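Enquirer: This structure is in C-alpha cells; I'll ask about it shortly.
The values are calculated or read from the model by the stated rules, or taken from the named source; none is laboratory data. Nothing here was measured: the structure is a model prediction, and the numbers come from that model. FYI the Cβ positions are ideal-geometry reconstructions off the backbone, even for glycines, and counts take in every protein chain you see. Note: accessible area is taken over every heavy atom of the protein model, side chains too, but ligands, DNA and RNA are not part of it. Shrake-Rupley method; radii C 1.70, N 1.55, O 1.52, S 1.80 Å.
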Amino acid sequence: MGNTKRKADATLFGFDFQVNAAIVLFLENIKDVESLRLEGEEDIDLYLKDDFCIFAQAKAVRRPREDFHHVKDNLRKSLQSLSEAAKSGIAQNRKIKELIFITNSPDPLKENSHEVAISNYFPVQQNFFDLTKTEQGIIQNELSERKIELDPSVLKIQILPFATDNERERYKFIRQEIHDFLMRLDVNISDTILLQLWKSDIFCSGTKRDESLVLEKKNIIWPMIVKITDTDNIPKILAGDLDEALTEEIIQGYHSIISAQSENFEFAIKVLSDYRRFSDNNRTRSEKYKNFIKLNWEKYIDNFSSEFLDYDSELQETIIKVVLCKIIENRIKINRIKESVGL
C-alpha cells in the first residue's frame, strides 16, 4: 500500500508540475500563442501564429535539490519524445519554434550532482548553443547513441523551481511570473487567485481524450475579464430604476452569466466596438453611456440564451444591462489586456 501511495503521489506531483509549467510557457509566449493543449503531441503543446508551435516535455522530481538518480533518464526520454513530436508537427505542416525540456531539477544533465543549496535554486532557461561545451556534449552523445533525430538549434533546457509541500514555496516562481504579467498590464488581480483559475482550466483541458480539443488563448484570458468586472453592487446608472429587493438575485445572476461567457471573449470586444461607434448627438459621456445601454441591450440577448432559461424577462433585461455597464466601465483595462496579449 505504501509503495502504491508513493507512486500515486509522484504522479500527481508530476501532473501538478506539468500544469504550472504550461502556465509559465504560456506567459513567456503570450503575444504569439493561439492555443494550448496538455497531453497532445507532447506533455505541453503551444500552437502559435503562422503555424509555428512549441512542444515541451515536463519532468518533475519530488526532491529536486537532492535526488539526481533519474535526471539523465528523464533527459533521454524527453529527447526521444520531443524528436517524435517534432516529426508529427512537421507532418502536419507546422513549423517548430522550440522543443523544450522543462524540469524542476536544478542540474538536469548530470547524475553525480551534490545537494543544491536553496540560494542556487532559481529559474533558468538556455538554448542549446548557450550551454557549456560539456553540456552540449552530453546532449549530443544521447542523440548520437540512440540515433535520435533532433535539431539542436530549436532545443531549450528550462529549469522551473518547484518543490516542497508548502504551497507558498512550491508555486512561488509561478506566482511571480503571473504577478509580473499583471503588473505589466496594470491590472489589480490577485496572482494567487488567477493561478488557481488557470490551473483549473488547464487541468481540465488535459483530461479531454480528444487531442484536437485545445484551450484557446481567449478562454485562458477570460477569467481576468471576469475578475476586473466583478461586482457586488448594481451600477449607479441602473440603481434608481430597480426594486432593491431584487438586488441580490440580480447580482447572483450577473456572476453566473458573466462566468458562463468563458468561451466568448469576442462578446466583450464586440460590446466595446459597438459602444465606440454609437452616436448620440454629441451628448455628454455619461448620457452616451446610459443611452447606449438603454437602446442596445436587446441586441445582445442571444449571447445569453442558454443561461437565461431560469430567468423572467425583467431579470434578463436587468442582468444584461449590468453586464454591459461593467464591460463599458472597464473598457480601458479590457482593451489594454486585449492589446497586450495579442487578441
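Enquirer: Just reorder 198, 297 by solvent-accessible area, largest first, 1.4 Å probe, all chains present. Before the final figure, lay out the partial values.
Expert: Numbers: 198 0, 297 35 Å².
Ranked list, largest accessible area first: 297, 198.
Enquirer: Just to confirm, what accessible area per residue do you get for the chain at 1.4 Å probe, in whole Å²? It would help to have the intermediate numbers written out before the result.
Expert: Details: 18010 Å² over 343 residues.
Per residue, the chain has 53 Å² of solvent-accessible surface.
Enquirer: Compute the acute angle (0 to 90°) between the alpha-carbon long axis of helix 172-185 and the principal axis of greatest extent of the alpha-carbon atoms of the chain; round to the nearest 10°.
Expert: 40
Enquirer: Where does helix 265-277 land angle-wise versus the long Cα axis of the chain, in degrees 0 to 90, nearest 10?
Expert: 40
Enquirer: Provide the solvent-accessible area of residue 276, counting protein heavy atoms only and rolling a 1.4 Å probe, rounded to the nearest 10 Å².
Expert: Here the accessible area works out near 150 Å².
Enquirer: Taking residue 172 as the anchor, which lysines have their alpha carbon closer than 24 Å to its alpha carbon, excluding any fewer than eight residues away along the same chain?
Expert: Qualifying lysines at Cα under 24 Å: 31, 59, 156, 199, 217, 227.
Enquirer: Pick out which of 105, 35, 153 has the largest mean-square fluctuation in a Gaussian network model of the chain, springs linking Cα atoms closer than 10 Å.
Expert: 153
Enquirer: Applying the Karplus parametrisation 6.51 cos²θ - 1.76 cosθ + 1.60 with θ = phi - 60° to the phi angles of region 22-36, what ³J(HN,Hα) value in whole Hz is obtained for each residue in order, glycine and proline being reported as x?
Expert: Along region 22-36, the couplings run 4, 4, 4, 5, 4, 5, 5, 10, 4, 5, 9, 5, 10, 7, 9 Hz.
Enquirer: In addition: Could you work out the relative contact order of the chain? I mean the mean sequence separation of Cα pairs under 8 Å and 6+ apart, divided by the number of residues, in percent.
Expert: So the answer I get is 16 percent.
Enquirer: In the chain, what percent of the accessible surface is made up of carbon and sulfur (1.4 Å probe, ligands and nucleic acids excluded)?
Expert: Numbers: 8220 of 18010 Å².
Carbon plus sulfur share of accessible area: 46 percent.
Enquirer: Length gain on complete extension for the stretch residue 332 to residue 151, per 0.36 nm per residue less the alpha carbon to alpha carbon distance?
Expert: Using 0.36 nm per residue and subtracting the Cα-Cα distance, I get 60.8 nm.
Enquirer: Multiply the residue separation of residue 114 and residue 207 by 0.36 nm, subtract the distance between their alpha-carbon atoms, and state the gained length in nm to one decimal.
Expert: Details: separation 93, 0.36 × 93 = 33.48 nm, distance 3.70 nm.
Extending this stretch completely gives an extra 29.8 nm.
Enquirer: Separate question: Specify which residue in the list 152, 166, 181 is farthest towards the positive end of the charge dipole of the chain, using unit charges on the beta carbon of Lys, Arg (+1) and Asp, Glu (-1), about the Cα centre.
Expert: 152
Enquirer: Accessible area, 1.4 Å probe, largest first: how do 278, 101 sort? Walk me through the numbers before you get to the answer.
Expert: Details: 278 35, 101 0 Å².
Most to least solvent-accessible, the answer reads 278, 101.
Enquirer: Continuing with this model, one more query. So what is the calculated 222 nm ellipticity per residue for the chain, using -39500 (n - 2.57) for each DSSP H run with n of 4 or more, over all residues, to the nearest 500 deg cm²/dmol?
Expert: On the way: 13 runs with 178 residues, N = 343.
Helices in the chain give a 222 nm mean residue ellipticity of -16500 deg cm²/dmol.
Enquirer: Based on Cβ point charges of +1 for Lys and Arg and -1 for Asp and Glu, what charge dipole magnitude is obtained for region 71-226 about its Cα centre, in debye rounded to the nearest 20?
Expert: Working: 22 positive and 23 negative charges, 80 e Å.
In total the dipole reaches around 380 debye.
Enquirer: If one takes the longest principal axis of the Cα atoms in the chain, at what angle in degrees, from 0 to 90 and to the nearest 10, does the Cα axis of helix 313-329 lie?
Expert: Helix 313-329 sits at roughly 60 degrees to that axis.
Enquirer: Between 115, 314, 28, find the one with the highest GNM mean-square fluctuation for the chain; connect C-alpha pairs within less than 10 Å.
Expert: Greatest mean-square fluctuation among the candidates belongs to 314.
Enquirer: Looking at the chain, what % of its DSSP beta bridges pair antiparallel, to the nearest 5? All intermediate terms of the calculation are to be shown ahead of the outcome.
Expert: Values: 15 of 28 bridges.
Around 55 percent of the beta bridges assigned by DSSP in the chain are antiparallel ones.
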